[in-house]
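First the structure, in the form of structure tokens, and then the observations on it.
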Amino acid sequence: MTIAIFLGALIAAMAIGIPISFSLLISGTALMWHLDMFDSQILAQNLIEGSNSFPLLAVPFFMLAGEIMNAGGLSKRIVLFAMSLVGHVRGGLGYVAIMAAVIMAALSGSAVADAAALSALLLPMMVHAGHNKARSAGLLASASIIAPIIPPSIGFVIFGVAANVSISKLFLAGIAPGVMLAAALCFTWWWVARKEMVTPPARKNSGEVIHALKEAAYAMGLPVIVIVGLKFGVFTPTEAAVVAAVYALVISMFVYRELKWSQLFGLFLAAAKTTSVIMFLVAAAMVSAWLITVAQLPAQLVELLAPLMDNPKVLMAAIMLLVIIVGTAMDMTPTILILTPVLMPIVKAAGIDPVYFGVLFIMNNAIGLITPPVGTVLNTVAGVGKISMDDVTKGVWPFMIAQFLLMFLMVLFPEIVTVPARWLAG
């Protein structure tokens, strides 16, 4: 009955068009009434405490770093460097998109920011070269969702706070799966684009490659600084976010000189608006998380899933299927905030490594960004690339299926994630 009241209130509020953050507050209030413990003061206290977290300071700074990266010329130079390396091979622009997405993922941690940059820079080039527009848009959307998996990842920050799991360990554990996602996309792109009669651009000579590398070197230095700093304990994930924002700002303004003082207010405002939405979601979700704990919903779910507890792989597969279903109707951040407090007690009871679970959980939520009908990244690519949502959806299917197959391969063989994570963590 308790589960039905919580979910019923949440779904009903969302169904009539109430924003998810307010829907979470409504479902929490309904649960308080049901438990006969309604107190507006407790509600307000938990709402304030929900966002009163030092690790969450990483979110605005990573958002700001992403805004600066796109406006300051870092994204453009990364794309040009990737073009100089692999642009000349058959289907080269697709590999350029994937390579650029991996490098940009290590700069911003935001799938939407990367999708906007890649669509603006590469989609016109791919169409002009003769590639199918829908397929190209689908590839760009699929490549963009590598951003929440390779550090620095905003998704890992939110999950780490909600689940009380080390964000540094999550960051390091996400590197290998992110690279594997890129490899899966490369194979899929080779398969779907092999019959296209597209003439690739001429191969760049060594001088042009070196020049492109020099131009992009400052941009590519950021992920190295962040990853090395985290691995050797030079700074925390929150401090890494500050380093990323300041580094991007300095490079954009004083090295590349493409960012003007007059643009700063707009960039700060854009980052603040996006951050405010996320932080209010986090605060509202923490109210629900507290009430979920008080109402002992996780314990009830553990009892329901008791038959699967002895087989962690089957349990993980069932959880992943649940997240896929939720991801078709809900954005990444609310899904993390709603499901994490419910699923983590089950994961711990089954003896599943929380870091391993976190990587797969965030990967699943990231793929949810390209699952119709809600897919935020699909909408971003459609808007920036001036292509219909239906066409982007048609183009994304082969890449999305490849990513889901890789994810379930990691469910069957957890060592794919855990072994590189242990090695990177030292």
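Every read-out reported here was derived from the displayed coordinates using simple, explicitly stated rules and does not represent laboratory data. Just so it is clear, the structure is predicted and the values come from calculations on it, not from any experiment. All Cβ positions, even for glycine, are placed from backbone atoms using ideal geometry, and neighbour counts span all protein chains on display.
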q = 0.09, 0.12, 0.14, 0.22 Å⁻¹: log10 I(q)/I(0) that the Debye formula gives for the stretch 232-357, counting C-alpha atoms only: -0.44, -0.69, -0.83, -1.28
Order of Trp290, Trp397, Trp33 - criterion: other Cβ atoms within 10 Å of each residue's Cβ, fewest first: Trp33, Trp397, Trp290
Farthest toward positive dipole pole in the stretch 138-285 [+1 Lys/Arg, -1 Asp/Glu at C-beta], among Ala143, Ala271, Leu185: Leu185
For the chain, with +1 on Lys and Arg beta carbons and -1 on Asp and Glu, the positive-most of Ile387, Ser166, Asn46 along the dipole: Ile387
Calculated FRET efficiency for the pair Ile401/His211, C-beta based, R₀ 25 Å, to 0.05: 0.05
Expected-Rg normalisation [2.2 N^0.38 Å, Cα atoms] applied to the stretch 141-257: 1.32
Computed magnitude of the charge dipole of the stretch 236-347 (debye, nearest 20; Cβ of K, R +1, Cβ of D, E -1): 360 debye
GNM top mover of Leu222, Leu291, Leu269 - the chain, alpha-carbon springs below 10 Å: Leu269
Kirkwood Rh, angstrom, the stretch 1-51 [1 / mean 1/r, Cα pairs]: 11.2 Å
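Pairs Lys273/Lys386; Lys76/Lys214; Lys76/Lys394; Lys169/Lys214: which exceed 21 Å Cα-Cα?
Lys273/Lys386; Lys76/Lys394; Lys169/Lys214
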Helix 2-15 axis, angle to the chain major axis (alpha carbon atoms, nearest 10°): 50 degrees
Descending semi-axes in Å of the chain, equivalent ellipsoid built from Cα gyration tensor: 36, 24, 21
With 10 Å bins from 0: P(r) over the stretch 15-130, alpha-carbon pairs, percent: 12, 28, 20, 17, 15, 8, 1
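How big is the charge dipole of the chain about its Cα centre, in debye rounded to the nearest 20, if each Lys and Arg gets +1 on its Cβ and each Asp and Glu gets -1 on its Cβ?
Here the chain has a charge dipole of around 1400 debye.
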Fraction in percent of alpha-carbon pairs per bin - 5 Å, the stretch 190-230: 5, 17, 12, 12, 12, 17, 15, 7, 2, 0
